[in-house]
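So the structure is just underneath, and the comments pick up after that.
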Amino acid sequence: MEVGSQAPYEEDPVVTRVTGFSGMTGAIGATGATGATGVRPAAARMPGARTAAGEPLQISEVAARTELPLRTIRQYEDKGLVVPSTASPGGFPLYTDADVARLMVIRRMQSLGFGLDETSELLTSVDRLAADLPGTDGELEPAERELLLARVRRYEEAAAARVADLRLQLTRAEEFAASLRSRLTS
């Protein structure tokens with residue numbers, strides 16, 4: 001593989017439904033210095049490595065893209081939910097597109113009411129599934145793979161239920177606002 005390139009990612013419809021991120025399991029990224037799975041993409045280990053879609057970003061640029069405060073991003077780093085994949089020549093942390101995508105997953109989960117522990121559990125499961133390499137030492141046992149898939153499916157179902165609840169709340173709020181408007185125009 002060429003230096004600075006990233007491995008292709010497999011499409012995973014379960015991950016797409018849960019994360020809302022193109023179904024690219026590898027794009028969620030790894031956590032921690034060696035990741036929750038102990039696996040980091042080759043490009044992420046190299047200082048100054050570029051993402052497939054562009055230059056690595058500083059934390060202020062990531063904050064602008066994700067609409068997350070710097071403090072929140074740092075909190076997620078401290079909890080091991082996301083770790084900058086690369087660094088500048090001066091040692092400053094830089095974030096790849098995969099890191100940004102991972103932050104967006106966290107942000108979406110937070111907006112649906114999932115806690116950080118739940119978010120960590122889902123991301124760890126997705127990371128482990130993404131690192132599953134059939135026919136190698138990295139291959140998951142079938143029982144473990146099924147357990148991880150079942151966990152991701154539970155999160156997908158919980159997310160769908162929360163979305164349905166939010167739609168109902170929105171409908172009620174719109175009805176209330178419409179009733180107030182009709183009183184103002186009568």
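The values are calculated or read from the model by the stated rules, or taken from the named source; none is laboratory data. Please read these numbers as outputs of a predicted model, since none were measured by experiment. Positions of Cβ are backbone-derived with ideal geometry, glycine not excepted, and every protein chain shown enters the neighbour counts. Ligands, DNA and RNA are stripped out before the accessible areas are found, and what is left, the full protein with its side chains, is counted by its heavy atoms. Shrake-Rupley method; radii C 1.70, N 1.55, O 1.52, S 1.80 Å.
The mean of 1/r over all distinct Cα pairs in the range 48-162, once inverted, gives the Kirkwood hydrodynamic radius of 15.5 Å.
Each residue of the range 133-147 was assigned a 3J(HN,Hα) from its phi angle through the Karplus expression (A = 6.51, B = -1.76, C = 1.60, θ = phi - 60°), giving 10, x, x, 10, 5, x, 6, 6, 5, x, 5, 5, 4, 5, 4 Hz with x at Gly and Pro.
On the beta carbon distance between residue 146 and residue 177, with R0 = 41 Å, the FRET formula returns roughly 0.35.
Per residue, the accessible area of the range 75-186 comes to 59 Å² when a 1.4 Å probe rolls over the protein heavy atoms. Close amide H partners of residue 57, meaning residues 5 or more places away or on another chain with modelled amide H under 5 Å apart, are 95, 96. Near residue 87, the amide H atoms lying under 5 Å from its own belong to 48, 49, 94; only residues 5 or more places off or on other chains count, and H is placed 1.01 Å from N. Put a dot 7 Å past the Cα of residue 168, heading toward its Cβ, do the same for residue 60, and the two dots end up 4.6 nm apart. Is the range 119-186 rounded, prolate or oblate when judged by the Cα gyration tensor, a ≥ b ≥ c being the square roots of its eigenvalues, rounded requiring a/c under 1.5 and prolate requiring a/b larger than b/c? Since a/c reaches 1.5 and a/b is larger than b/c, the shape of the range 119-186 is classed as prolate.
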